[in-house]
Structures are given as C-alpha cells and as structure tokens.
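The values are calculated or read from the model by the stated rules, or taken from the named source; none is laboratory data. This structure is a prediction, so every number in the text was calculated from the model and none was measured. Don't worry about glycine lacking a Cβ; one is built from the backbone with ideal geometry, like all the others, and counts go over all protein chains shown. Calculation scope for accessible area: heavy atoms of the full protein, side chains included, ligands and nucleic acids excluded. Shrake-Rupley method; radii C 1.70, N 1.55, O 1.52, S 1.80 Å.
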Amino acid sequence: MPSPSPWEEKLARAKTLWKYRDPGPHAAYTLSDRHADFYFNSDAFASDPALVNAAADDLIVRLRKTGITGKAFWIVSYSGAVSASLVLASVVSQKLNKRLAYMDIRTDAINFPIKDGDAALIVTDDIYTGGSIRKIVNILSDRKVEILAPILTVANFFGAGQLDDLKIMSLIDRTLETWPSASCPLCQAGSQAIPARKEWPKLFSVT
Ligand SMILES: [Zn+2]
C-alpha cells in the first residue's frame, strides 16, 4: 500500500479526515447503509478557513502549471445539503478572480448566465461516483460551454485519475472500501459504528 500523501496527513491532523484505529469505533454513512474505516468530512474541512485557504492555494499552484489560468472561464461547483464544494470553489474563484456558479443538486439547475462560447472549470470538495460532475458537464455541454480540464478536487475517491475524458487534479487520491452494515468486518470484530458526520468527535475516541 502506498504511504499516505502529505495532504492526507494534514487533513487527519486537522481532524477533517478520520482513519480507523484498533480498538476504536468506525464510521457509518447516514445516507447509505454502509460502514467504513476511512472518512473525509468535507463539512469539517469547509469549517476550517486556514485549511480551505491552503487547499485552494495548492490546487491553484498545480493549475497554473497547466497554463489555462490566463483564459477567461467560470468556476463551477455544486451545492446542496452539504455545501463544502461551494466553500472551496468560492475561495478558488476569488483567488483566480473568475466568476462563480453552481448547480443546485436538489433541482439539478445551474441558474447562472453561463452561455455558448463560455468556458468552465469544475471545482469540488471530493469525488465519489462522479454523478454530480457528470450532471454539470451535461447541462453545460447542452449550452455549448467548453468544459476545461482538469477538474479540481480535494479528495479523489473515484478510483481513476480521470472522469470520462476529463483529467482530475486532487490533493488526495485513494480508493475507499465500504461494507454493508450486515457484513461489516469491523462490526463483527466488536467495534462500534458511529454516524460519521452527526457524531464526528466521537469517532476520534479510542477506548
Ligand atoms: Zn460496521
């Protein structure tokens, strides 16, 4: 197994990322019946201004090497019940002085005047299935907007370095293993399952 990236260490130290330690509790997802030994809490990340600032700076340094920052483009993200993506995208848009837009994931609408001939750079907190990003790409492609690569994200859990034909630029890159609660090996070993975001500090108590 490769050693964790410096950003994985950094997010773990700031308690925005949690990893299982025997004999501690483990994480339960609230939106699906799955458990895990690793969890990135993007709400905790978004609540830490120094961390968001540092992540945006690091992503921008990497983005500048691609040479696209001189172009005019929109920063596009998404927002919904969890809005950490938009928090990061907002900081990136301010640092690059680019306009900011987002898709509301409750309505799948991008209510901003991005139009034919514009370009868009997608910024998100993390990527799991890529479903929301594909929706953004579809909406903007219908409007004949050029989608720029790379997609910028803090944590790439997608399992590949690109989503369809768009390269992903991330600070953390790893595959996640999760289990249905009924067949969770950590539950079977006697570890307590904790709803990760709801009881976040509890995950860090090893008793
Ligand atoms: Zn479990």
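Taking segment 161-207 as the region of interest, how many residues are of a type in the set (A, V, I, L, M, F, W, C), over 18 Å from Tyr20 (Cα atoms) and open to solvent by 40 Å² or more (accessible area, probe 1.4 Å)?
1
Is one or more of the residues making up segment 124-141 touching a residue at least 12 places away in the same chain (Cβ under 8 Å) and more than 28 Å from Tyr39 (Cβ to Cβ)?
Yes; the residues of segment 124-141 include at least one that is touching a residue at least 12 places away in the same chain (Cβ under 8 Å) and more than 28 Å from Tyr39 (Cβ to Cβ).
Kindly state which strands (runs of 3 or more DSSP E) lie completely within segment 1-89 and contain at least 2 residues that are more than 16 Å from the ligand (Cβ to nearest atom) and not aromatic (Phe, Trp, Tyr).
74-79
What do you reckon, is Ala14 within 21 Å of Val91 (Cα to Cα), of a type in the set (Gly, Ala, Ser), more than 14 Å from the chain's Cα centre (by Cα) and modelled with pLDDT of 95 or more?
Considered against the rule, which asks whether it is within 21 Å of Val91 (Cα to Cα), of a type in the set (Gly, Ala, Ser), more than 14 Å from the chain's Cα centre (by Cα) and modelled with pLDDT of 95 or more, Ala14 comes out as yes.
Within segment 152-205, work out how many residues are among the aliphatic types (A, V, I, L, M) and within 16 Å of the ligand (Cβ to nearest atom).
Residues in segment 152-205 being among the aliphatic types (A, V, I, L, M) and within 16 Å of the ligand (Cβ to nearest atom): 8 in total.
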